[in-house]
Amino acid sequence: MPTYVRVLVLAAASLFSLSALAVPATWGGGGIAPATPSFTAASSGTLELYYTGLAGGYTNLVGVQINGVDQPLTGLNNRTSTYGQLLQLGNVNAGDVLVFFLDVTDTSLRYYTNPSLNPDQANHAWAQAYAGDPAVPAGINIAFEDLAIPGSDLNYADHSFTFRIAGAVPEPASAVMLLLGVAGLAGLHRRKQR
């Protein structure tokens, strides 16, 4: 096996073994977490949510509001979903404003990442970047609190998921760079065969 192939295989194996150790962090700050009311889609593509665990006392489903309109599709039941389970919420366009929500089926309440939309006007979500692991790709992890505030335990550990926009069309410059790289590798391989 050529040396460059061995190096690539070892590098990939090292990265895979490191990512196996990763899991989304939980809120440990005590009190109400800082709010991230909305997210702006940086690219166009399919909005994907991956269940990352956490199951509070109530049954919860998640969904999204796009540009101020609640979308009808919800999913990722915190009682039946498995780690890494995928929910696709349709296509978004670059610049769309995304506000995620949690439907608490036991109380019929809906809590949004935007506190001003919540019945108690309190923050019910904590967001952070997540580097990913073998079951969940890199994205933004959101953990929800499903109890009314005040009266909540404020652990933000009742439902969590990581979202990303998949299938985004690369910029023309990125596509050209990829093609040049592939052509260069093909040329190198052809040269070594001679």
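If the chain linking A42 and A25 were pulled fully straight, counting 0.36 nm for each residue of separation and taking away their Cα-Cα distance, it would gain 3.7 nm. 3J(HN,Hα) couplings calculated from phi for region 103-117 with the Karplus curve 6.51 cos²θ - 1.76 cosθ + 1.60 (θ = phi - 60°) are, in sequence order, 8, 8, 5, 5, 10, 6, 9, 10, 10, 9, 5, 8, x, 5, 8 Hz; Gly and Pro show x.
Taking 13 Å as the cut-off, the amide N atoms of region 41-77 that come nearer than this to a point 7 Å along the Cα-to-beta-carbon line of N91 belong to 44-47. Under Stokes-Einstein, with the Kirkwood radius over Cα pairs as Rh, the value for region 61-152 at 20 °C and 1.002 mPa s is 151 µm²/s. For region 19-97, the carbon plus sulfur part of the accessible surface works out to 54%, probe radius 1.4 Å. Accessible area per residue for region 36-84, computed on protein heavy atoms with a 1.4 Å probe, is 42 Å².
In angstrom, the C-alpha Rg and Dmax of region 107-151 are 13.0, 37.
At a probe radius of 1.4 Å, what is the per-residue accessible area of Y83, in Å² to the nearest 10? Only protein atoms counted, so the area is about 90 Å².
The values are calculated or read from the model by the stated rules, or taken from the named source; none is laboratory data. Every value quoted in this text rests on a predicted model; they were computed, and no experiment measured them. Here the Cβ is made from the backbone with ideal geometry for all residues, glycine too, and neighbour counts use every protein chain on show. The area values use the complete protein model at the heavy-atom level, side chains included, leaving out ligands, DNA and RNA. Shrake-Rupley method; radii C 1.70, N 1.55, O 1.52, S 1.80 Å.
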